[in-house]
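Derivation of every value follows stated rules applied to the coordinates shown; laboratory data play no part. None of these values were measured; they are calculated from a predicted model. Because the Cβ atoms are built from the backbone with ideal geometry, glycine has one as well, and the counts that use them run over all protein chains shown.
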Amino acid sequence: MKIETLAIHAGNHSDPTKGAVSTGAASTGAVSTGAVSTGAVSTGAVSTGAVVSPLILSTTFERAADGNIVEGRDIYTRASNPNRRALEEKLAILEGGSEAIAFASGQAATMSIFHSLGGNSHVILPNDIYYNTKVIIDNLYANFGLTCTAIDMTDLGAIKRAIKKNTKLIWIETPSNPSLKITDIQAVVKIAKAKNILVACDNTWATPFFTRPFEHGVDLIMHSTTKYFGGHSDILGGVVILPPAPPLGVRATVATGAIRTFQTVGGAVPSPFDCWLLSRSLSTFAIRMPVHAQNAMKLATFLEVQPQIEKVNYPGLKSNEYHKVAKKQMNNADGVPCFGGMMSILVKGGQKEAMELASKLRLFKHATSLGGVESLIEHRFSVEGIHSSSPENLLRISVGIENIEDLIADFEKAFQ
Ligand SMILES: Cc1ncc(COP(=O)(O)O)c(C=O)c1O
């Protein structure tokens, strides 16, 4: 099945149960949920037949008369619940993985991976990674003996030179944030495999619509589901997805077990409502993504020739230094090259000129985050602070799915 179909049907089970008739609270599995809170206790003897997986808010689920756990039934919502399971099923299928582990934020998902490595571990990551990913290691895990080396991930020699005896993970983020550098995933995996090092890929920006990292051999995929998966700037979430099939090394098996434990015991879990909402958003994921990409391509082409713009960082442009690598690994399910909805521009001048341009735009809201239906623009240097490696004249743009003529007209006006 193609991604457009999977995004709608995966994880969305019509209610097949006997005895689950209360509004918005039926079960999604093969047995009654046993949910004990109001609106979730089954009172009837027929299935609701609800076409959309219902929302089950109950935090606890009833046991059998003898106190034993009913097979297939949840126990306590931190450990598992029907809406999270439905979401995880959908996310695993969309990335082509075997299992998805959902979190309350992208940062919690990232933490679960770093945590699984254990103390005295070393991570290699890109020097233009999402800023707060590195902050997790520097500020939260340094005391536990987790260290990292930040390098240019497009320089394969730099990766080899950065490997230490205790390097356990190479972290890829492609396109990178905010310079839109494209990492050759296969080339990095080759280096890592030779040294028995795990590779994780933050696929938030590309999404499986444009890049499918498991097909290139990575061991773990992470997402901030807050972005394109959520798509409407109204849900915070994250996920780690495990690869389609073992064999993984012993180290990988330990790590993946630890990630599920980090979720269920650590407890940074998404609420049933967030899971339900995210599943709903994902139904239109495959319809939104091509529009983001088409709009971004047209906007990048327009901006590239404007006298006020020094450079456009968008891998879809033929002039872009990463275009060749991007064409190799960024394409839609039919193999047509597509490059996503993110770009950044360097404005001629400095911070002042960049800020002025951002403030003159009306449709592009000056705000952080990305991946929503609405277009956003952001000055990364001032957001990231004095340690930022972003150029001061850089504006990051998340191109939404508005009409592209309106988006271009907004820039035309701002340039006047
Ligand atoms: C590429 C990338 N990874 C991870 C995150 C963190 O995700 P969250 O904000 O959901 O914790 C972000 C947030 O902007 C991001 O852009």
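Report the relative contact order of the chain, percent, no decimals, based on alpha-carbon pairs under 8 angstrom and at least 6 residues apart.
Once divided by the residue count of the chain, the mean separation gives 15 percent.
Using only Cα atoms and rounding to the nearest 10 degrees, what angle (0 to 90) does helix 351-360 make with the longest principal axis of the chain?
Around 60 degrees separate the two axes.
Per residue of the range 232-241, what does 6.51 cos²θ - 1.76 cosθ + 1.60 with θ = phi - 60° give for ³J(HN,Hα)? Whole Hz please, x for Gly and Pro, Karplus curve as stated.
10, 6, 9, 9, 9, x, x, 7, 10, 10
Restricting to bridges with both residues inside the chain, how much of the DSSP beta-bridge set is antiparallel, in percent to the nearest 5? Walk me through the intermediate numbers first.
Working: 24 of 43 bridges.
Looking only at bridges with both residues in the chain, the antiparallel portion is about 55 percent.
With respect to the cross-link table entries K190/K327; K318/K348; K327/K352, which display a Cα-Cα separation exceeding 27 Å?
K327/K352
Rounding to the nearest 10 and keeping the result within 0 to 90°, find how far the Cα-based axis of helix 285-304 lies from the longest principal axis of the chain.
10
Along the positive direction of the dipole of the chain (beta-carbon charges: Lys, Arg +1; Asp, Glu -1; about the Cα centre), which of I75, I56, A367 reaches farthest?
Value computed over the given set: I75.
Could you list E321, E384 so that the one with the fewest beta carbons within 10 Å of its beta carbon is first and the one with the most is last?
E321, E384
Assign unit charges at the C-beta atoms only (+1 for Lys and Arg, -1 for Asp and Glu), then state the dipole size of the range 287-415 relative to its Cα centre in Debye, rounded to the nearest 20.
280
Enumerate the aspartates and glutamates that K413 could reach by cross-link, defined here as Cα to Cα under 14 Å, with residues fewer than 8 away along the same chain left out.
List returned: E356, E405.
Of the candidates M342, M355, M289, which one comes out as most mobile in a Gaussian network treatment of the chain with C-alpha springs shorter than 10 Å?
M355
Run the dipole for the chain about the Cα centre, Lys and Arg Cβ at +1, Asp and Glu Cβ at -1, nothing else charged, and hand back the magnitude in debye, nearest 20.
Dipole magnitude for the chain comes out near 940 debye.
Translational diffusion coefficient, Stokes-Einstein: compute it for the chain using the Kirkwood radius over C-alpha pairs as Rh, at 10 °C and 1.306 mPa s, and state it as an integer in µm² s⁻¹.
On the way: Rh = 22.4 Å.
Diffusion coefficient, whole number: 71 µm²/s.
Specify the residue with the greatest mean-square fluctuation among L278, L140, L394, computed from a Gaussian network of the chain linking alpha-carbon atoms under 10 Å apart.
Of L278, L140, L394, the Gaussian network model singles out L140 as fluctuating most.
If you build a Gaussian network model of the chain, linking Cα atoms that sit under 10 Å apart, which residue out of V383, V269, V239 swings the most?
In the Gaussian network model the winner is V383.
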